[in-house]
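Read through the structure below, which is laid out as C-alpha cells, and then see the notes.
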Amino acid sequence: MYEIRFHGRGGQGAVMAAQTIAEAAVYEGLEAIAFPFFGAERRGAPIMAFARIDDKKISLRTQVYQPDMVVVMEESLIEIEPVADGLKPGGCAVVNSKLSPNQIDLGVKARCATVDATSIALEMLKAPIVNTAILGAMARADDFVSIKAVKEAIASRFGEHLGEEAGRINAQAAQMAYEKVSIGESLAQRPITKRKMWLPTWQEMPPGVALYHEKRGEIEVGPGSSWQTRTGTWRTKTPRYLRDKCVRCARCWFICPDAAIKREADDHIDINYDYCKGCGMCASICPAKAIEMTKGAKL
C-alpha cells in the first residue's frame, strides 16, 4: 500500500489534491481512497489530508502515520509542524519551495523534491492555489502514478467543478511543475518534535466509543442510538472469526467503528452480526489473520 500525507494551509487545496491523486490512481487501475483532517477550520490554518493507493481493496480508514510520501504545500509549515514524522525509510518528500532539496531541513535525510509551485500557480492560475502544481511534482518525485493519469484526473475533477477551460489550465500547471522539479536529498539538522497524543488503554476508553452496549448500575453505555437500528442488514461481506488463531490483542475490538465486537472474559471476541456492516477493518488490522472476510451477508 502506498500512503501519502499532505500538509497545507486552509485554502491551498490540500483536500482537492488528495482526492485528485486518488482519482489518478483509479485511472491506472488501482484502488484508492482520500480524506481530510481539519483542526481549526479557517483559511490559512494548518490542515492535513491523506490518500492511500493499493492494488487491492483498502479497508484501513485511520490517518496516515507512516507515509511513503509527505507533501508540504507551504514551506513555512516545516517550522511549526513535524511534517516528516513517521516518513518511511526510502520514502520521499515533495515541498513547495524555491530552495533546492539539499537546503530543505526536514529533520530526516530523505529523497526530496522541490518546486516553486506558488510561482507556477500565480503564472498559470493567477492565484496562489498550488494543489495542481504540486500534483505534477508528485508524479515526478515517485512513479506510483503517471503524469498522464494526473493530468486526466485534474481535467476531470477541476473541469467538473470549474469548467473545461479551468481543467485544461490546471493540467498545464501540473505539467509545468513536473518539468521544473529538482530532486535531491533533504537535510536532517532540526529535531522532529512529536505531538503529545492520548493513547489510552482499553480500560481508559470512554463509554460509547469502543465499548459493547451494556448496563452499569442504572446507566446504559454503548454506541448510542445506533443500537436501536440493526445496521448489519446492508452487509455484503461478513467477518469470520478463527478462534484458534486469535492472539487476543483486541485490536479488532478497539478499531470496530460500530462497536459490533464484544470482548469475552478470556479476551476472545464475539461479533454481533446485527450491527456489523462488513467493512473489513477488523480483518485488515488483525496481526494473526484470525478474522477473514467471506462473501455474503451470512457465514
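Quick notes on this one:
- In Hz, Karplus ³J(HN,Hα) per residue of segment 121-134 (6.51, -1.76, 1.60; θ = phi - 60°; x = Gly, Pro): 5, 5, 5, 8, 9, 6, 7, x, 9, 9, 4, 6, 5, 5
- Among the listed pairs Lys245/Lys298; Lys57/Lys237; Lys56/Lys148; Lys245/Lys295; Lys56/Lys298; Lys57/Lys148, those beyond 18 Å (Cα-Cα): Lys245/Lys298; Lys56/Lys148; Lys245/Lys295; Lys56/Lys298; Lys57/Lys148
- Per DSSP, loop trypsin sites (Lys or Arg not before Pro) in segment 21-78 with at most 15 further Cβ within 10 Å: Arg42, Arg43, Lys56, Lys57, Arg61
- Met293 long-range amide H proximity, modeled H, under 5 Å: Arg240
- Between segment 1-20 and segment 136-173, the Cα center-to-center distance that results, in Å: 14 Å
- Sorted ascending by nearby beta carbons within 10 Å, beginning with the fewest, Thr294, Thr231 become Thr294, Thr231.
- Taking amide H atoms as placed 1.01 Å from N in the peptide plane, the amide H of Cys276 lies under 5 Å from those of Gly232, each 5 or more residues away in sequence or on another chain.
- Backbone amide hydrogens, once placed in the peptide plane, bring Glu74 within less than 5 Å of Asn96, excluding anything fewer than 5 places away on its chain.
- For segment 48-62, 3J(HN,Hα) per residue [Karplus equation, 6.51 cos²θ - 1.76 cosθ + 1.60, θ = phi - 60°, Hz, x = Gly/Pro]: 10, 9, 9, 9, 10, 9, 8, 9, 9, 4, 9, 9, 5, 10, 6
- Rounded tilt (10° steps) of 14-27 against the dominant C-alpha axis of the chain: 80 degrees
- By the count of other C-beta atoms within 10 Å, a proxy for reagent exposure, Met73, Met281 are ordered fewest to most as Met281, Met73.
- Relative exposure of Leu299, Leu122, judged by other C-beta atoms within 10 Å (fewest first): Leu299, Leu122
- Spacing of the modelled spin labels on Glu31 and Ile192, each 7 Å from Cα toward Cβ, amounts to 2.7 nm.
- Note on the chain: antiparallel DSSP beta bridges, both residues inside, total approximately 70 percent of the bridges counted.
- For segment 1-108, the set of chymotrypsin sites (Phe, Trp or Tyr not before Pro) satisfying both a DSSP loop assignment and a count of at most 16 other C-beta atoms within 10 Å is given as Phe38, Tyr65.
- Couplings 3J(HN,Hα) for segment 72-83, derived from phi with the Karplus relation 6.51 cos²θ - 1.76 cosθ + 1.60 (θ = phi - 60°), are 10, 8, 9, 4, 5, 5, 4, 6, 10, 10, x, 5 Hz, where x marks Gly and Pro.
- Solitary cysteines of the chain, where the nearest other Cys Cβ is not under 4.7 Å: Cys92, Cys112, Cys246, Cys249, Cys256, Cys276, Cys279, Cys286
- Across the chain, Cα pairs under 8 Å and at least six residues apart give a relative contact order of 14 percent.
- FRET efficiency, 1/(1 + (r/R0)^6) with R0 45 Å, evaluated for Lys57 and Gln103 via beta carbons: 0.65
- Taking label points 7 Å from Cα along the Cα-to-Cβ direction, Leu122 and Ser182 give a separation of 1.8 nm.
Since every read-out is calculated from the coordinates, none of them should be taken as a lab result. Nothing here was measured: the structure is a model prediction, and the numbers come from that model. In this analysis, Cβ positions are derived from the backbone assuming ideal geometry, glycine residues included, and neighbour counts consider all displayed protein chains.
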